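Participant: Structure in structure tokens, see below.
The values are calculated or read from the model by the stated rules, or taken from the named source; none is laboratory data. None of these values were measured; they are calculated from a predicted model. Virtual Cβ from ideal backbone geometry, glycine too; neighbours counted across all protein chains shown.
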Amino acid sequence: MKAMVVERWGERSKLHERPIPKPGPGEALLKVRSAAVGLTLLNMRNGSFGGEAPRVMGHELAGDIVETGAGVTALKPGDRVATYFYLTCNRCRWCRGGRETLCENFGGFVGVHRDGGFQQYVCLPADNMLHIPEGLDYEAAAMATDAVNTNWHCMRERAKINPHDTVMLIGAGGGVGIHGLQVAKLFGARIIAVDVSDEKLALAKEWGADELINVKRTPDVAAEAKRLTGGRGVNAAVDYVGHGLTFQAAYDSLATGGRAVIIGVGKGDISVNPRQMMLTEKVVTGSRHSTRTELIETMEVMARGLIKPVVGMRTHFTEIESIFDTIIDEKLLGRGAVTYED
């Protein structure tokens with residue numbers, strides 16, 4: 001089979017021929033039909049997620065089960081499934097309590113600590129494969145596994161969005177941000193979209209943003225957010241970029257009782273005045289991917305057409321590096337997608 005292999009972290013992936021893997025006990029073999037692509041993969045490729053190379057990346061996957069290993073009863077050949085990103089133990093207090101992203105025996109990530117799906121077939125734990133609901137196609141299901149379910153968890157559990165909220169999204173035109181905009185709108189929020197180009201902000205406007213801030217023209221994001229909210233500030237701010245500078249803007253934009261949530265992973269620190277934080281009861285928190293249950297919920301919501309995949313570039317999986325180049329150039333609008341047709 002064809003596989004795109006990163007031979008050493010920091011290098012571009014290359015096309016290899018590999019044997020089709022055989023599922024072991026508790027595993028299943030997936031014929032990949034579609035995969036989604038975002039900035040996280042570039043962070044994996046540079047080695048910042050750990051793991052060992054050579055490695056096949058790719059964790060936002062959807063396809064068909066073709067074989068199962070011993071002891072697998074919940075899956076059978078022909079089942080349409082999407083993959084869950086985290087390798088968890090399923091038995092610690094966090095996993096048992098429905099917060100498996102905090103697993104005490106965390107095993108790493110699909111596409112980093114074991115081979116992912118930028119290959120024609122991938123073998124993974126059966127617990128990492130969840131059925132795709134009727135009415136949802138492979139590409140949309142692949143998008144659900146990171147770009148959308150991450151937002152479902154964030155907006156409901158961490159940002160705690162309500163219909164009366166004004167929410168600021170920093171990086172709203174990116175692959176995760178544009179789907180976060182849809183989720184926040186589904187929860188009834190008014191959206192202030194923040195990004196670095198008119199093209200990305202036009203996309204955010206197309207998908208429901210109420211106000212736009214271009215940081216290249218208006219660098220004082222917090223001041224502009226206060227102006228757009230009559231001096232009050234936003235009820236929640238979600239930072240998809242994750243730099244100290246951007247998260248500082250998120251925190252400084254908050255209204256009394258506001259929630260600043262970081263999803264992206266960048267560099268730098270923020271400054272918080274403890275007294276002011278106490279008096280205003282502002283909340284600073286992180287949001288990490290989603291649970292399996294939340295991924296199931298995400299796919300069901302997408303199957304109903306309430307959240308739609310936003311694909312800015314589509315190519316064959318053997319040309320994955322062309323999407324990476326577009327992400328590096330900050331020109332990708334929405335999410336990348338790859339196909340697997342021969």
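Participant: Could you give every pair whose Cβ atoms fall below 6 Å, whose first residue belongs to segment 53-81 and is in the same structural domain as residue 123 (by TED's automatic domain parsing), and whose second residue is of a type in the set (Ser, Thr, Tyr) and surrounded by 15 or more Cβ atoms within 10 Å (Cβ to Cβ), counting only separations of at least 6 or pairs across chains?
Facilitator: 60/145; 61/83; 62/34; 62/138; 75/68
Participant: Okay, moving on. For segment 32-74, give me the residue count where each residue is surrounded by 15 or more Cβ atoms within 10 Å (Cβ to Cβ) and assigned to a loop (DSSP other than H, G, I, E, B).
Facilitator: Count: 13.
Participant: Another question about this same structure. Out of segment 180-197, which residues are of a type in the set (A, V, I, L, M) and surrounded by fewer than 20 Cβ atoms within 10 Å (Cβ to Cβ)?
Facilitator: Passing the criteria: 186, 196.
Participant: Restricting to segment 198-227, and then to whatever is surrounded by fewer than 21 Cβ atoms within 10 Å (Cβ to Cβ) and basic (Lys, Arg), can you tell me which residue is farthest from the chain's Cα centre (by Cα)?
Facilitator: 227
Participant: Among the residues of segment 275-287, is there at least one that is exposed (fewer than 15 other Cβ atoms within 10 Å of the Cβ) and either in the same structural domain as residue 128 (by TED's automatic domain parsing) or touching a residue at least 60 places away in the same chain (Cβ under 8 Å) (or both)?
Facilitator: Yes: one or more hits.
Participant: Of all residues being outside any loop (DSSP other than H, G, I, E, B) and over 22 Å from the mean Cα position of the chain (by Cα) in segment 6-30, which is surrounded by the most Cβ atoms within 10 Å (Cβ to Cβ)? Just the residue, please.
Facilitator: By that ranking, first place goes to 28.
Participant: Limited to segment 174-221, what total is found for residues that are closer than 17 Å to residue 152 by Cα and in contact (Cβ under 8 Å) with a residue 60 or more places away in the chain?
Facilitator: Going through segment 174-221 one residue at a time, the tally reaches 11.
Participant: Right, next: Looking at this structure, is residue 259 under 26 Å from residue 42 (Cα atoms) and of a type outside the set (A, V, I, L, M, F, W, C)?
Facilitator: It is false that residue 259 is under 26 Å from residue 42 (Cα atoms) and of a type outside the set (A, V, I, L, M, F, W, C).
Participant: Since residue 101 meets every condition but one in (1) surrounded by fewer than 23 Cβ atoms within 10 Å (Cβ to Cβ); (2) at positive phi, which condition does it not meet?
Facilitator: (2)
Participant: Could you tell me how many of the residues in segment 158-172 are within 24 Å of residue 61 (Cβ to Cβ) and either at pLDDT below 95 or part of a helix (DSSP H, G or I) (or both)?
Facilitator: Residues meeting the conditions: 0.
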